[in-house]
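For reference, the structure discussed in these notes is given below.
The values are calculated or read from the model by the stated rules, or taken from the named source; none is laboratory data. Just so you know, these numbers come straight off a predicted model, no measurement behind them. Cβ atoms come from the backbone with ideal geometry, glycine included; neighbour counts cover every protein chain shown. These accessible areas exclude ligands, DNA and RNA; they are computed on the full protein's heavy atoms, side chains included. Shrake-Rupley method; radii C 1.70, N 1.55, O 1.52, S 1.80 Å.
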Amino acid sequence: MVLEYRDTFTLTTNDFYYDKQIKLSAILNFFQTVAGDHSDLIGAGFDEMLQKDIVWMLLNVKCTIYKRLHRGDKITVSTVPLPKGRIGYVRDYYVYNEAGELCIKGSSFWCLVSYSQRRILRPTFEYVGEFVDKKAYEEDFERLKPFAVSENPAYVCTILNTHIDGNKHVNNIKYADFAVDGLDEIPQICEFE
């Protein structure tokens with residue numbers, strides 16, 4: 001079995017900002033949906049892992065937008081896991097339009113966490129199948145650099161029940177919305193990490 005999964009979606013008005021750029025949160029939602037569906041199929045889904053007191057936790061994500069998409073476009077989102085790393089797992093994503101052109105690519109870095117103890121675990125899950133011979137990015141994820149925290153933040157967000165996911169923390173998709181909500185205007189976004 002080849003370790004690749006794909007699904008198709010139709011973009012709706014809710015997937016776009018007022019300036020007609022695709023929302024970062026919409027991209028992340030497509031990534032999360034195909035990763036979750038694929039994980040269910042290969043025995044690493046939320047419910048199955050939770051029975052072992054394990055949940056997946058996203059540590060980092062990056063994305064490059066090559067081609068503008070529009071409301072009503074039909075897209076295919078493909079995901080492939082990469083071989084297990086020393087401390088976690090990388091999963092890549094590719095978004096194609098109906099013409100088969102690559103419009104967006106992305107990558108995410110995940111670790112396993114004990115649900116009850118809330119601590120990172122050694123990567124023990126083994127994929128069964130044949131890995132796809134491609135990688136979205138040659139370079140690794142950048143390490144987060146220390147930064148000063150202001151006593152007077154420019155933007156404050158209140159966490160609501162609708163932001164919480166099955167791991168009982170803020171769903172990672174929401175952080176993209178928080179970041180954009182803190183801006184006066186939405187810049188042209190071609191990539192993010």
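A few comments on the model shown:
- Residue among 53, 47, 40, 19 that is touching a residue at least 24 places away in the same chain (Cβ under 8 Å), out of contact with any Pro (no Cβ under 8 Å at 6 or more places or on another chain), under 19 Å from residue 110 (Cα atoms) and surrounded by fewer than 17 Cβ atoms within 10 Å (Cβ to Cβ): 53
- Looking only at residues in the stretch 60-90 that are crowded, with 16+ Cβ neighbours inside 10 Å and without any contact (Cβ under 8 Å) to a residue 60 or more places away in the chain, the one that is nearest to residue 123 (Cα to Cα) is 88.
This table checks each residue for (1) over 20 Å from the mean Cα position of the chain (by Cα); (2) open to solvent by less than 40 Å² (accessible area, probe 1.4 Å); (3) on the phi > 0 side of the Ramachandran plot; (4) modelled with pLDDT under 95.
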residue: 93; (1), (2), (3), (4): no, yes, no, no
residue: 125; (1), (2), (3), (4): no, yes, no, yes
residue: 146; (1), (2), (3), (4): yes, no, no, yes
residue: 152; (1), (2), (3), (4): yes, no, no, yes
residue: 155; (1), (2), (3), (4): yes, no, no, yes
residue: 168; (1), (2), (3), (4): no, no, yes, yes
residue: 173; (1), (2), (3), (4): no, yes, no, yes
residue: 186; (1), (2), (3), (4): yes, yes, no, yes
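- Residues within the stretch 111-137 that are within 15 Å of residue 5 (Cβ to Cβ) and not aliphatic (A, V, I, L, M), tallied: 5
- Residue within the stretch 5-13 that is assigned to a loop (DSSP other than H, G, I, E, B), surrounded by fewer than 17 Cβ atoms within 10 Å (Cβ to Cβ), in contact with a Lys or Arg (Cβ under 8 Å, 6 or more places away or on another chain) and of a type in the set (S, T, N, Q) present: yes
- Residue within the stretch 18-40 that is within 28 Å of residue 116 (Cβ to Cβ), touching a strand residue (DSSP E or B) at 6+ places or on another chain (Cβ under 6 Å) and assigned to a strand (DSSP E or B) present: no
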